[in-house]
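Every number here is computed from the coordinates shown, using simple stated rules; none is lab data. Here the structure is a predicted model, which means the values were calculated and not measured. So basically every Cβ, Gly included, is an ideal-geometry build from the backbone, and we count neighbours across all protein chains shown.
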Amino acid sequence: MKERMVEKGELISIIVPVYNVKPYLARCFETITKQSYQNLEIILVDDGSADGSGELCESLAKTDDRCIVIHQVNQGLWAARNSGQKLATGNYIMYIDSDDYIHVDAVKCLYEALVNHPECGLSMCEYKRTTSLDEDITVDVERLEQVISVEKLLNLSDNVLPDIVWNKLYRRSLIDGLWAREYRIAQDVDFNFRVYMHLKSAVLIDSELYFWMQRSGSAMHQANYRVSYLKIITGICHRNFLECPSDLEFLKAYLLQRLYSRLLLLRLYAWNTEEKDVAVTHCNTCVHNTWRSYVGCKRISLIERACCMILLKCSPRLTGLLMSIRRKFI
């Protein structure tokens, strides 16, 4: 590992999983190295890229002595993040996807928010969806910090905010011993659910500091993504509900509410596909283990609970019709 002088401010480890993103990686790396907060440890994890991304990692690392490169056989995003986290030495950890990039003050804003609010375990910022590598990363931003409880965090209007890891700066003490699990997609959701079991409060920065690249080749644009995602996300909700401490009633209710709404969608979208039987079996298992808790959960409205249980008894085709009627008139 390369040695260097520690500059003013605490060391922040930035972990960047890399897999076949050669056209985007240099931009991502550039915006990290040009951060206004400079005391960084940059860990590029090449997860068996076959497009030259691994070689590009080595080339980029030669331009900045804060950078460390890991090469490993392709195992998936979860394994790449874990490899980076095991090597990280910073007091804070941030994950950045290698096809995205960040505002020049992103790390500084996230770090200072946690310094200002030592009771908070993580800070998070807004993000902007983009199809361009040329967003202005130097534009002045107004930084409005808001301390929020985990319960409020889970109910933010944009549901992506509590799910994703890449718009957040975590205190190392919060995630020590917490590793990404072997999910092919939606690893962020599972990871954050387990973070929220230990988190008391977070700082939300009301500024777009992260640029989320939308590209056609990413996993979420694949044809079978919707059914695969719903099957995995319901499995994650189910698993985390069973693991969640009994005293976290708000989190258990959130997991149940999300589980049952997604089970309805899974049955609907898997209907008349080759995934139908697997999806039905999966849904039955989730319901068998949780229905008593769901029916008795007073944090979820009685109408919602009743409608959901009725719809789960209907055929997926009828469920789709009723849900479309509900969207039209409600």
Max mean-square fluctuation residue, GNM over the chain, Cα-Cα springs under 10 Å, options Y210, Y260, Y269: Y269
Between N289 and D136, what FRET efficiency follows from the Cβ-Cβ distance if R0 is 30 Å, with the result rounded to 0.05? 0.05
What residues have an amide H closer than 5 Å to that of C125, excluding those fewer than 5 places away on the same chain, when H is modeled at 1.01 Å from N in the peptide plane? I205
Residues W291, W78, sorted so that the one with the fewest Cβ neighbours within 10 Å comes first: W291, W78
With the cut-off at 31 Å, tell me which of the pairs K86/K276; K62/K231; K108/K231; K86/K298; K128/K231; K34/K152 have Cα atoms farther apart than that. K86/K276; K62/K231; K108/K231; K86/K298; K34/K152
Pull out the extension gain between N91 and L302, defined as 0.36 nm times the separation in residues minus the alpha carbon to alpha carbon distance; nm, one decimal. 71.5 nm
How large is the charge dipole for the chain, taken about the Cα centre, if only the Cβ atoms of Lys, Arg (+1) and Asp, Glu (-1) carry charge, to the nearest 20 debye? 1780 debye
Which percent of Cα-Cα pairs in the chain sits in each 10 Å bin, short to long? 5, 24, 31, 24, 12, 3, 0
Give, in nm to one decimal, the length gained when the segment between S201 and C314 is fully stretched (0.36 nm per residue of separation minus the Cα-Cα distance). 36.7 nm
Starting with the fewest neighbours, write out Y92, Y37 ranked by other beta-carbon atoms found within 10 Å of each beta-carbon. Y37, Y92
Cα extents of segment 223-329 per principal axis, largest first, Å, are 40, 29, 21
Take the alpha-carbon centre of segment 245-272, take the same for segment 45-103, and report the distance between them in whole Å. 33 Å
Take L264, L110 and order them by how many other Cβ atoms sit within 10 Å, fewest up front. L264, L110
Can you divide the C-alpha Rg of segment 120-226 by 2.2 N^0.38 Å and report the result to two decimal places? 1.15
What FRET efficiency, computed as 1/(1 + (r/R0)^6) with R0 = 25 Å and r the Cβ-Cβ distance, is obtained for K128 and K152, rounded to the nearest 0.05? 0.65
Counting only DSSP beta bridges with both residues in the chain, tell me the antiparallel percent, nearest 5. 35 percent
